[in-house]
Amino acid sequence: MKLCRRAWASIALVVLASFGFAVAADGATLVPRYSAWKYRDTPVALPSTWIQSGYNDSSWPSGPGVLGYGDGFIVTTVPWGPDANNKYRTTYFRLSFVLGVSPASIQGLTLGANYDDGFVLYLNGQEVARRSLPAGPIDYSTFATTHEGGSYEAIDLAAAIGLLVQGTNQLAIEVHQTNPTSPDLAMDLELSYTTTPGITRGPYLQTGSHNQVKVRWRTNVATDGRVRYGLTAGNLNLTASNATATIEHELALTGLAPNTTYYYSIGTIAQTLAGDVTYRFVTAPAPATHKPTRIWVIGDSGTGSGAAAAVRDAYSAYTGVRSTDLWLMLGDNAYQTGTDAQYQTGVFDMYPVILRQSVLWPTRGNHDQIHAGPDNDYYDLFTLPTAGQAGGLASGSEAYYSFDYGNIHFICLDSEGTSRTVGGAMAQWLRNDLAATPRDWVIAYWHHPPYSRGSHDSDDSLDSGGRLKDMRMNFLPILDSAGVDLVLTGHSHSYERSFLVNGHYGVSSTLTSAMIRDGGDGRPAGDGAYAKATLGTGPNEGAIYAVAGSSAQVGGGTLNHPVNVISLNELGSMVLDVNGSRMDARFLSSTGQVRDSFTIIKGAPVAVEPRGSESALSLLSSEPNPFALETRISFRLSAPGPARLQVLDALGRRVRTLAEGPRTAGRHDLTWDGRDDRGEPLGAGVYFAVLETPTGTWARRMVRIR
């Protein structure tokens with residue numbers, strides 16, 4: 001029987017595979033994951049010829065990847081030697097593969113490396129990649145820096161295409177340990193090539209403002225780059241380009257109009273690779289402009305799991321056609337160690353639509369570790385403002401930064417890797433940044449919560465290396481003194497939300513009623529919205545603290561911190577809506593239920609400025625404040641005349657008239673028992689004592705607690 005050329009080729013591939021060769025069955029994958037590798041465990045170095053194609057490895061044992069020891073994902077166990085306290089420093093691996101096309105047709109070559117701890121890879125006798133090992137010559141005893149295995153790090157090998165030959169090629173890799181007692185070793189590789197450019201990541205939007213945005217994406221081969229954009233999807237008449245060939249593309253679109261929708265596509269200078277009507281964004285409003293703004297907040301989201309997808313989909317259904325103006329990630333964006341491959345799974349594959357439509361502003365968590373090599377960790381993968389490009393004061397660091405969106409000022413702090421001391425660079429920058437902002441609202445966020453009894457305990461001074469304690473003791477006084485409105489954190493895998501509080505910097509047992517500015521639930525239909533007298537940064541008026549670290553997993557805990565109104569062991573995310581002087585916040589569960597909500601209204605509900613050049617009255621005080629049963633309200637009139645003293649709720653509604661009619665000059669003291677005009681007790685919350693006379697109106701805020 002005569003066989004066609006394709007049949008003979010198939011037989012040849014089977015034969016080659018049976019002899020331990022990795023074969024590109026689809027013309028793109030040269031070495032698939034979990035291929036069979038030959039390995040040599042030895043207490044001494046091999047001769048330098050071991051990396052060559054002709055080296056005799058016939059006596060070496062072999063097994064499928066992942067090879068190594070000490071981890072649950074290991075398939076083939078490699079011996080470490082007779083002494084567990086003096087393991088072999090270096091283990092050697094070899095594999096042959098067949099390239100069936102001409103190397104001249106290949107435009108991109110990509111390695112996926114799953115390794116622990118460091119390696120050097122050779123292709124046909126030449127070094128082509130090195131990770132977690134020092135530069136220069138190395139030998140058998142050279143130790144690596146720590147790198148955990150378990151995921152496949154993408155490494156561009158385009159520069160090694162010229163080493164390929166059509167036919168049989170040889171890979172050789174030496175894997176080094178960090179020390180003689182290292183408990184684990186891991187090695188597995190995948191190798192693939194491409195002949196045409198394509199998008200492997202993104203696009204995603206970074207560092208957006210009212211007049212610019214940065215667009216990032218990754219290609220499978222090094223190419224030049226171009227963004228085509230315009231005001232309609234059918235007329236992308238503007239361009240931004242980069243002629244330098246790279247796989248990591250980043251282009252700034254500048255000179256944009258505020259609060260304007262733009263459509264765009266991405267690709268090379270010669271061709272568009274991706275773009276349709278869903279590739280669009282809206283620029284931020286002009287600075288200080290009031291615009292209804294929606295913010296999505298997720299924390300500890302980077303598992304790439306079904307739970308994370310459920311939280312994502314619940315928000316997508318909730319917001320519907322209402323676009324997301326910006327979104328925040330509160331750290332632990334990619335588990336377990338924040339490698340490039342884990343970011344691909346936990347972020348870029350999980351949120352592709354919102355990434356290309358809304359600017360993402362992340363902070364770093366403890367799982368977002370920093371790794372050797374380019375394009376492999378948090379700081380490589382995100383472009384964050386260091387020079388105030390999006391508003392705020394220049395920080396000089398991507399670790400902590402600020403930006404503006406209309407009338408909102410956002411502050412991102414780094415609780416993981418930056419000095420948390422009161423005299424450190426971050427604290428000093430924070431003081432200066434807060435002093436400089438003229439915005440109506442200030443929202444701060446970082447990873448480690450100052451108040452939590454979820455999967456982490458803020459009362460434990462040793463929890464997370466003292467990071468929770470440090471942020472509470474050293475940074476909350478700065479935020480309180482500048483009138484920050486909302487603080488968002490993650491780390492604990494729960495949702496926890498506080499009262500309106502100010503001045504609480506110790507453990508939970510040090511909380512006093514004086515530190516609770518409003519002990520209500522903050523709901524207009526409940527105890528009433530939280531009210532802050534100043535539209536802007538009024539010092540020591542209180543802030544709300546929310547832990548939103550359950551966007552992919554829940555972690556339990558006692559969930560009973562006394563500063564909190566509510567604590568939930570539920571999957572979900574937060575939705576913030578800011579409109580002028582009002583903020584509405586919701587915790588949205590993974591099933592689409594609003595499980596908590598609160599409202600903050602800024603600016604006094606009544607006029608408080610006296611008429612005339614000098615005040616003819618003064619509202620002295622209310623004592624105690626906050627109060628539970630009753631409070632004494634005192635005022636003084638400089639001359640006799642009519643006066644009216646009323647109590648208003650947080651929405652400006654009169655609930656009680658305490659005095660109305662003629663009053664003598666001098667001091668007057670009245671008692672309010674927390675009841676309305678009908679004698680019904682009122683709930684906990686913020687109230688205003690308002691004194692009116694022909695010469696002026698004064699208001700004093702009071703807080704009733706439970």
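The values are calculated or read from the model by the stated rules, or taken from the named source; none is laboratory data. Here the structure is a predicted model, which is why all the values come from computation and not from measurement. When we count neighbours, we look across all protein chains shown, and the Cβ atoms used for this are built from the backbone with ideal geometry, even at glycine. In case anyone asks, the SASA skips ligands and DNA or RNA and just uses the protein heavy atoms, side chains included. Shrake-Rupley method; radii C 1.70, N 1.55, O 1.52, S 1.80 Å.
Whole number in Å², please: accessible area per residue of the chain, 1.4 Å probe, ligands, DNA and RNA not counted. Kindly include the intermediate steps, with their values, before the conclusion.
Working: 26660 Å² over 706 residues.
In whole numbers, the chain has 38 Å² accessible per residue.
Under the Karplus relation 6.51 cos²θ - 1.76 cosθ + 1.60, θ = phi - 60°, what is the ordered set of whole-Hz ³J(HN,Hα) values for the range 699-705, x standing for Gly and Pro?
Coupling constants for the range 699-705: 10, 10, 7, 10, 10, 9, 10 Hz.
Treat each spin label as a single point 7 Å out from the Cα along the C-beta direction, and report the Arg678 to Val594 distance in nm.
In this crude spin-label approximation the distance works out to 2.5 nm.
Considering only protein heavy atoms, what is the solvent-accessible area of Phe348 at a probe of 1.4 Å, reported in Å² to the nearest 10?
10
Run the 1.4 Å probe and let me know the accessible area of Trp80, rounded to the nearest 10 Å².
90
Skipping prolines and chain starts, which residues have an amide H placed within reach, meaning under 5 Å, of the one on Thr260, given they are 5 or more residues away or on another chain?
Thr283
Find how much the distance from Ala45 to Glu660 grows on full extension, using 0.36 nm per residue of separation minus their present alpha carbon separation; answer in nm with one decimal.
Numbers: separation 615, 0.36 × 615 = 221.40 nm, distance 9.65 nm.
Gain in length upon complete extension: 211.8 nm.
Name the long-range amide H neighbours of Gly198: under 5 Å, sequence gap of 5 or more, or other chain; modelled H, no Pro or chain starts.
Asn220, Val221
What number comes out for the charge environment of Gly81, summing +1 per Lys or Arg and -1 per Asp or Glu over other residues with Cβ under 13 Å away? Show your work: numbers first, answer last.
Working: positive: Arg40, Lys87, Arg89; negative: Asp41, Asp83.
Overall, the nearby charge balance is +1.
Using heavy-atom solvent-accessible surface (probe 1.4 Å) with all chains present, what is the largest-first order of Val44, Val347? Show your work: numbers first, answer last.
Working: Val44 85, Val347 0 Å².
Sorted descending by solvent-accessible area, the residues read Val44, Val347.
Can you tell me how much longer the chain between Ser58 and Ala387 gets when fully stretched, taken as 0.36 nm per residue apart minus their C-alpha distance, in nm with one decimal? Walk me through the numbers before you get to the answer.
Numbers: separation 329, 0.36 × 329 = 118.44 nm, distance 5.87 nm.
Full extension from Ser58 to Ala387 adds 112.6 nm.
Based on alpha-carbon positions alone, could you give the equivalent ellipsoid semi-axes of the range 62-101 from the gyration tensor, as √(5λ), descending, whole Å? Don't jump to the answer; show the numbers that get you there.
Values: eigenvalues 141, 34, 9 Å².
Equivalent ellipsoid semi-axes, largest first: 27, 13, 7 Å.
In 5 Å bins starting at 0, how do the alpha-carbon pair distances of the range 296-398 split up by percent?
Over the range 296-398, the share of Cα pairs per 5 Å bin runs 2, 12, 21, 25, 18, 13, 6, 2, 0 percent.
³J(HN,Hα) across the range 449-460 via Karplus (A = 6.51, B = -1.76, C = 1.60, θ = phi - 60°), whole Hz, x for Gly/Pro?
Along the range 449-460, the couplings run x, x, 10, 6, 9, x, 6, 10, 10, 5, 6, 7 Hz.
Once you treat every alpha carbon in the range 149-209 as an equal point and sum by Debye, what is log10 I(q)/I(0) at q = 0.14, 0.17, 0.19, 0.20 Å⁻¹?
For the requested q values the scattering log ratios are -0.72, -0.90, -0.99, -1.04.
Per the 1.4 Å probe, what fraction of the accessible area of the range 422-511, in percent, lies on carbon and sulfur atoms?
Values: 1260 of 2370 Å².
Carbon and sulfur atoms account for 53 percent of the accessible area of the range 422-511.
Highest mean first, what order results for 177-190, 357-370 on Cβ atoms within 10 Å? Please list the in-between numbers first.
Values: 177-190: 19.6, 357-370: 23.3.
Sorting 177-190, 357-370 by mean packing, highest first, produces 357-370, 177-190.
Checking the a/c ratio against 1.5 first, then a/b against b/c, what shape does the Cα gyration tensor give for the range 375-454? Can you show the working numbers first?
Numbers: a/c = 1.41, a/b = 1.12, b/c = 1.25.
Verdict is rounded for the range 375-454.
Measure nothing fancy, just the Cα-based angle from helix 306-319's long axis to the longest principal axis of the chain, in degrees from 0 to 90, nearest 10.
50
Can you give the calculated 222 nm mean residue ellipticity of the chain, where each DSSP H run of n ≥ 4 adds -39,500 (n - 2.57) and the sum is split over every residue, rounded to the nearest 500 deg cm²/dmol?
On the way: 8 runs with 65 residues, N = 706.
Rounded to the nearest 500, the figure is -2500 deg cm²/dmol.
Around Ser494, under 10 Å between beta carbons, what's the net of Lys plus Arg minus Asp minus Glu among the other residues?
Working: positive: Arg453; negative: Asp300, Glu496, Glu570.
Charge balance near Ser494 sits at -2.
What does the charge add up to near Ser589, with Lys and Arg as +1, Asp and Glu as -1, over the other residues with Cβ less than 11 Å from its Cβ?
Details: positive: Arg586, Arg595; negative: Glu570, Asp596.
Around Ser589, the charge tally is 0.
Per the Kirkwood treatment, what hydrodynamic radius in Å, one decimal, follows for the range 504-584 from the mean inverse distance over all distinct Cα pairs? Don't skip to the answer; put the middle values down first.
Working: mean 1/r = 0.0668 Å⁻¹.
For the range 504-584, inverting the mean 1/r across all distinct Cα pairs yields 15.0 Å.
Quick one: give the max-minus-min coordinate of the C-alpha atoms of the range 213-297 along each principal axis, largest first, in Å.
That works out to 43, 29, 22 Å along the principal axes.
Average the reciprocal distances over every distinct pair of alpha-carbons in the chain, invert the result, and give the Kirkwood radius in Å.
Answer for the chain: a Kirkwood hydrodynamic radius of 28.7 Å.
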